[in-house]
């Protein structure tokens, strides 16, 4: 017999149990776009407790729409080893490689989850926890609450490191600038803002922009280019994937340094 109340109880108990397991973690990632999911995959693969909070219903960020709703994306040759690790199919077209946008986003999500990362969707980051000039967690609320601007108090999670993978808006870096002032590791101390599309320059600069921009906060993907004033790239996603991998490496180095200094 299938009872509706049993369905309700099972869902609520299962979700609450999941959530309580993930409120004091190693790494919190804001945004389940390509760079966020790649970072989550590599962090979880290396044994870290990592959780991704995505404000939208779907994962994948801008990748799901491909180029102008053509559900195809491209990458460059140096990204093939990463693509192969995720088992994503591709075909070569001159000096570019063509991928299915939906397969790519789905593969990144599934690989991140199977590596041990947890992804919560429909949760928006509305603030951050700052302790002694270091970010140490995120303040969360349900996305519909945030969208309709209801005055409902949020809840918080603690994390040793945070990754801003929120894309063009660079939400976490923007919150820090708004709340604390121009304290980011940029030329101006503030969020510079992304420039107009220039795929080659944007792809070239994104890896250098992927770094710690405030103590405890690493920026990745388009959030990195937005913070440091580099161009957007359009439907080429190689830089996004490599940026996610670089973000994981930066975070791992920071966590290991913190562990060593505590001895």
note = Restricting to Cα pairs under 8 Å and 6 or more apart, the percent relative contact order of the chain works out to 22 percent
query = Taking only C-alpha pairs under 8 Å that are 6+ residues apart, what is the relative contact order of the stretch 25-164 in percent?
reply = 30 percent
ask   = Given that compact globular proteins tend to follow 2.2 N^0.38 Å, what is the ratio of the alpha-carbon Rg of the stretch 20-121 to that value?
value = 1.10
Computed [θ] at 222 nm, deg cm²/dmol, the chain (DSSP H ≥ 4; -39,500 (n - 2.57); rounded to nearest 500) = -12500 deg cm²/dmol
inquiry  = Looking at the stretch 52-120 only, what percent of DSSP beta bridges run antiparallel? Nearest 5 please.
reply    = 80 percent
task = With springs connecting C-alpha atoms under 10 Å apart, model the chain as a Gaussian network and identify which of 141, 121, 95 has the largest mean-square fluctuation.
result = 95
remark   = The exposure ranking of 90, 41, 15, fewest beta-carbon neighbours within 10 Å first, is 15, 90, 41
message = Can you sort 151, 93 from fewest to most other Cβ atoms within 10 Å of each residue's own Cβ?
response = 151, 93
request  = Count the DSSP beta bridges whose two residues both fall in the chain, then state the antiparallel fraction as a percent rounded to the nearest 5.
outcome  = 55 percent
message = For 43, 110, which order do you get if you count the other beta carbons within 10 Å of each Cβ and list the fewest first?
response = 110, 43
ask   = Taking N as the number of residues in the stretch 101-165, what value does Rg over Cα atoms divided by 2.2 N^0.38 Å take?
value = 1.35
The stretch 136-240: Cα Rg divided by the 2.2 N^0.38 Å rule of thumb = 1.13
note = At q = 0.13, 0.20, 0.29 1/Å the base-10 log of I(q)/I(0) from the Debye formula over the alpha-carbon atoms of the stretch 1-55 is -0.45, -0.76, -1.09
query = Which shape class, rounded, prolate or oblate, goes with the stretch 186-263 when its Cα gyration tensor gives a ≥ b ≥ c as root eigenvalues, a/c under 1.5 marks rounded, and past that a/b bigger than b/c marks prolate?
reply = oblate
query = In percent, what relative contact order does the stretch 89-230 have, based on Cα pairs under 8 Å that are 6 or more apart in sequence?
reply = 20 percent
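Read the figures in this text as sums done on the coordinates, not as results from a lab. It should be emphasised that the depicted structure is a prediction, and the values quoted were computed from it without experimental measurement. Using ideal geometry, Cβ is built from the backbone for each residue, glycine included, and neighbour counts are taken over all protein chains shown.
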